[in-house]
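One structure is given below, encoded as structure tokens.
The values are calculated or read from the model by the stated rules, or taken from the named source; none is laboratory data. For clarity, every value in this text was computed on a predicted model and none was experimentally measured. Because the Cβ atoms are built from the backbone with ideal geometry, glycine has one as well, and the counts that use them run over all protein chains shown. Protein only, heavy atoms only, side chains kept; ligands, DNA and RNA dropped before computing areas. Shrake-Rupley method; radii C 1.70, N 1.55, O 1.52, S 1.80 Å.
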Amino acid sequence: GWGKGVVVGRARLGGIPMGCIAVETRTVEARIPADPANPESREAVMPQAGQVWFPDSAFKTAQAIEDFNRAENLPLIIFANWRGFSGGTRDMFGEILKFGSMIVDALRTYRHPVFIYIPPNGELRGGAWVVVDPTINEDKMEMYADVDSRGGILEPPGICEVKFRSADQIDLMHRLDPELRELDKQLEDCMVDSDALDLKAKIKKREDALIPLYLQLAHSYADLHDRAGRMKAKGVIRDALSWPRSRDFFYWRTRRRMAEDAIQDRVRRVHEAPLDKPVDEAFADLLTSNGVDPNDDKAVAAFIESDSPPLQQWLDESIKKAVLLKTVDLLEQHGQQDLIARLKP
């Protein structure tokens, strides 16, 4: 197989065809066959760690996204459980950066709903977050995280190495630990060199005893910043989900987004000039005025699919306004001010 670190497929979510991209969490083997034209060459077998993008798996991901978008017109769900890209010399020579940028390019031009979901006990780290961040295509991409998942550029041990080093831990010990505070006070008042050396040895022994505890607490504190609640508070994900309700949620969310995008795209295609109010805001006002909660995906999907008179009226008015603005613009270009006066109410 090729690109075994990524699993790509097509599936149905409640009958809705979707493209799916998931990660292989186990270590896999990449086989490079021998060159038939070179009798000295041998087959190379290289292990590839799970949850890591290598050049072949990154290229496979980018190609799959392009196929789902341009050839099959499918909404896409990505089960994001990557710790980053492989950055070894061999991988850099294998153009890992180019294939990573191809993932960004494919997502940037995606025309259908894209859902990024960090699964239970999964994590999204480093450069892997960068290439699937929803700001790449804010109109189509949404990111969600399971309540038991983790996300962030650095893992807790890494962030502690940067933000809370050994010197910082020792300073905190001397501020919080009563025994160290007492030893510091004794050392400050000590006038005999031999006693000072003895106190310093006791301080060092106490520090060595506390360092494992403080390091563990620091890792736990840093881990709190990587949880779904904190990600939602910072606005980097849309919502935190639990695995038992995720299937139902994504079914109605996909159904709502596909119906909603079809209507909004229809209005946007007619409006060539910038609108006074974005289409999504105008549509939200329409939902509210008809007693539909814009945050209830099931209710919004039912409202759109019912083809209600208020929806048809809103569409007709939006299209008429677009045609009028386009006509006025053409007449202005040809200096037909008298005709413009007749068109304007």
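Going residue by residue through the range 233-245, is there one that turns out to be in contact (Cβ under 8 Å) with a residue 40 or more places away in the chain, in a helix (DSSP H, G or I) and either open to solvent by 70 Å² or more (accessible area, probe 1.4 Å) or of a type in the set (Asp, Glu) (or both)? Yes, that holds for at least one residue. Candidates are the residues of the range 305-343 that are at pLDDT 80 or above, assigned to a helix (DSSP H, G or I) and polar (S, T, N, Q); the one that is least open to solvent (accessible area, probe 1.4 Å) is Gln312. Considering the range 114-142 alone, what residues qualify as being at pLDDT 95 or above, in contact with a strand residue (DSSP E or B) (Cβ under 6 Å, 6 or more places away or on another chain), part of a helix (DSSP H, G or I) and open to solvent by 10 Å² or more (accessible area, probe 1.4 Å)? Listed by number, the list holds a single entry, Pro134. I'd like the full set of residues that are crowded, with 20+ Cβ neighbours inside 10 Å and either free of Cβ contacts under 8 Å to residues at least 40 places away in the same chain or of a type outside the set (Gly, Ala, Ser) (or both), limited to the range 57-67. Those that are crowded, with 20+ Cβ neighbours inside 10 Å and either free of Cβ contacts under 8 Å to residues at least 40 places away in the same chain or of a type outside the set (Gly, Ala, Ser) (or both): Phe59, Lys60, Thr61, Ile65. State yes or no: is Ala273 outside any helix (DSSP H, G or I), within 19 Å of the chain's Cα centre (by Cα) and either among the hydrophobic types (A, V, I, L, M, F, W, C) or modelled with pLDDT under 95 (or both)? So Ala273 fails the test. Take Ala222 and tell me if it is part of a helix (DSSP H, G or I), modelled with pLDDT under 95 and in contact with a Pro (Cβ under 8 Å, 6 or more places away or on another chain). Answer is yes for this residue. Quick check, is Cys160 at pLDDT below 90, open to solvent by less than 60 Å² (accessible area, probe 1.4 Å) and out of contact with any Gly (no Cβ under 6 Å at 6 or more places or on another chain)? When the stated conditions are applied, Cys160 does not pass them. Quick check on my filter: what residues within the range 29-39 are open to solvent by 30 Å² or more (accessible area, probe 1.4 Å) and part of a strand (DSSP E or B)? Passing the criteria: Glu29, Arg31, Ile32. Candidates are the residues of the range 3-23 that are more than 25 Å from Asp91 (Cα to Cα) and outside any strand (DSSP E or B); the one that is farthest from the chain's Cα centre (by Cα) is Gly15.
The residue list Val300, Val267 contains one member that is part of a helix (DSSP H, G or I), surrounded by 12 or more Cβ atoms within 10 Å (Cβ to Cβ) and at pLDDT 90 or above, which is Val300. Checked across the range 84-97, the condition of being in contact (Cβ under 8 Å) with a residue 24 or more places away in the chain and closer than 30 Å to Ser242 by Cβ holds for at least one residue.
So if I check each of Pro156, Pro134, Pro120, which one is closer than 28 Å to Arg70 by Cα and not β-branched (Val, Ile, Thr)? Being closer than 28 Å to Arg70 by Cα and not β-branched (Val, Ile, Thr) holds for just one of Pro156, Pro134, Pro120, which is Pro134. Check Arg26, Arg111, Arg70, Arg42 and return the single one that is closer than 30 Å to Pro157 by Cβ, open to solvent by 60 Å² or more (accessible area, probe 1.4 Å), free of Cβ contacts under 8 Å to residues at least 60 places away in the same chain and not in a strand (DSSP E or B). Going through Arg26, Arg111, Arg70, Arg42 in turn, the sole match is Arg26.
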